[in-house]
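Undergrad: Take a look at the following structure, please.
The values are calculated or read from the model by the stated rules, or taken from the named source; none is laboratory data. Being a predicted model, the structure only gives us computed values, none of them experimental. We place every Cβ from the backbone using ideal geometry, glycine too, and count neighbours over all the protein chains shown.
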C-alpha cells in the first residue's frame with residue numbers, strides 16, 4: 001500500500017484516480033450519445049454503417065446456405081426476416097469501449113491503437129451475433145425474442161467490457177515495465 | 001505523482017486469465033437464471049418505487065404503475081376509462097443485472113464476504129438506477145406519446161429532457177451502469193494484480 005502525501009489515507013490517491021476515470025468515462029459517454037443521437041450523424045453515418053453490417057452478415061449467411069437478400073438494413077429469406085436497428089449494430093458497445101479506453105490514463109498512440117483493435121473485435125463479435133440470431137429466428141423462432149433482447153445484447157456488451165479490461169491490464173503492465181526500466185537506468189547512472 | 005497519460009501501478013488491480021473468463025461466464029449464466037426466476041417480483045418493486053417517485057411531483061397524484069406479464073402498465077386516474085393503457089417492456093430496463101453479476105465474478109474469490117457485500121451494495125444501487133430509468137420512461141411516454149394531452153402538459157424543454165434521458169438509458173446507460181457500479185464499488189480494496 002502507498003500513500004500519495006504525508007497524512008493522506010493509503011489508497012486515497014488510487015480512489016481519486018478511479019473516480020476521475022469514472023467522471024471522464026461518463027462525460028465521454030454523454031458526448032458520444034449527443035453525437036450519435038443527432039439525426040444528421042444517424043442518417044449519414046450510422047444507417048449506412050448498419051447497412052454494411054447487414055450486407056456482410058448476409059454474405060456469411062449465404063455461405064452458410066441460407067439464401068438471403070438484403071434491402072437497406074433488412075436481411076430477408078423465404079422463412080425469416082430481420083431488420084438491424086440501432087442497438088443491434090455494435091455501435092453502442094463500441095462507444096462504451098471507446099469511452100473507457102479514452103478515459104483511461106495511457107499514451108495517446110496506445111489508446112488509439114486499442115480503440116482501433118477493440119472496435120474491430122467488437123464488430124466481429126457483433127457479426128457472430130447477427131448471423132446467429134438470424135439462424136435462431138429461422139430454426140427456433142420462439143427463442144428469438146429472449147436471445148435478441150437479453151442474451152446477445154448482454155454478451156456483446158460483456159465482451160466489450162472484457163476487451164477494455166484486457167487492454168487496460170496490458171497497458172498498466174507495459175507502463176510498469178517502462179517505469180522499472182527507467183528507474184533501473186537512473187540507479188545505474190554514474191553520479 | 002503520475003506523469004500525464006500514464007497509468008499508475010495501482011490503477012488496474014484485475015488480472016484476466018482463463019479462470020476469470022470461466023468465473024464471468026458461470027456468473028453470467030447463474031445471474032440470468034436468477035433474473036428469469038425473480039423478474040416479475042422485481043418488476044413489482046420497481047413499479048411501486050417509481051410510482052411513489054412520480055406521484056411525489058404530480059398535482060394531483062394520478063399515476064398508477066403495475067407490473068403485469070413482463071410489462072409495466074401505466075394508468076392514470078384522469079385517463080378516460082375506455083382508453084388503452086400504455087404497456088412498457090420491463091425486461092429492457094433491468095436485464096443488465098446479469099452484466100453486474102458477471103463483472104463481480106472477476107476477482108479470484110468472488111464469493112468472499114467483502115466482494116459479496118460490495119456486490120449487494122452495487123445491486124441495490126442498480127435497483128435505484130432501474131427505478132430512475134422507469135421514472136424517465138413513464139415521463140417520456142407522458143411527454144411525447146399522448147397527443148394533445150402531452151402538448152398541453154409538457155413544454156418543449158420538458159419533452160426533450162424526459163425523452164432524451166430515457167433514450168440515453170436505452171442506448172448507452174443501461175450497459176454503462178453495471179460497469180460504472182462495478183468500477184466504483186466492486187474494485188475498492190482489491191489488491192493490484194501482476195508483479
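Undergrad: What helices (runs of 4 or more DSSP H) lie completely within the range B:128-182 and have 1 or more residues being modelled with pLDDT of 95 or more?
TA: Correct list: B:156-168, B:174-181.
Undergrad: Could you please give the count of residues in the range A:163-191 that are more than 7 Å from chain B (Cβ to nearest Cβ), under 17 Å from the mean Cα position of the chain (by Cα) and free of Cβ contacts under 8 Å to residues at least 40 places away in the same chain?
TA: Count: 1.
Undergrad: Please tell me if residue A:101 is more than 14 Å from chain B (Cβ to nearest Cβ) and touching a helix residue (DSSP H, G or I) at 6+ places or on another chain (Cβ under 7 Å).
TA: Taking the combined requirement at face value, the residue does not satisfy it.
Undergrad: Take residue B:142 and tell me if it is away from every other protein chain (no Cβ under 14 Å) and either over 16 Å from the mean Cα position of the chain (by Cα) or crowded, with 21+ Cβ neighbours inside 10 Å (or both).
TA: Numbers: away from every other protein chain (no Cβ under 14 Å): yes; either over 16 Å from the mean Cα position of the chain (by Cα) or crowded, with 21+ Cβ neighbours inside 10 Å (or both): yes.
For residue B:142, the condition - away from every other protein chain (no Cβ under 14 Å) and either over 16 Å from the mean Cα position of the chain (by Cα) or crowded, with 21+ Cβ neighbours inside 10 Å (or both) - is met.
Undergrad: For the range A:134-154, how many residues are more than 8 Å from every other protein chain (Cβ to nearest Cβ) and farther than 22 Å from residue A:64 by Cα?
TA: 2
Undergrad: On to the next question. Tell me which residues, restricted to the range A:55-78, are surrounded by 13 or more Cβ atoms within 10 Å (Cβ to Cβ) and touching a residue at least 40 places away in the same chain (Cβ under 8 Å).
TA: Result: A:56, A:57, A:60, A:61, A:66, A:68, A:75, A:77.
Undergrad: Please work out which residue is farthest from the other protein chains (Cβ to nearest Cβ), limiting yourself to the range A:31-48 and to residues that are under 17 Å from the mean Cα position of the chain (by Cα) and surrounded by 15 or more Cβ atoms within 10 Å (Cβ to Cβ).
TA: A:46
Undergrad: Follow-up question, since we're still on this one. Given the condition out of contact with any strand residue (DSSP E or B) (no Cβ under 8 Å at 6 or more places or on another chain), surrounded by 17 or more Cβ atoms within 10 Å (Cβ to Cβ) and free of Cβ contacts under 8 Å to residues at least 24 places away in the same chain, answer yes or no: does some residue in the range A:86-96 qualify?
TA: no
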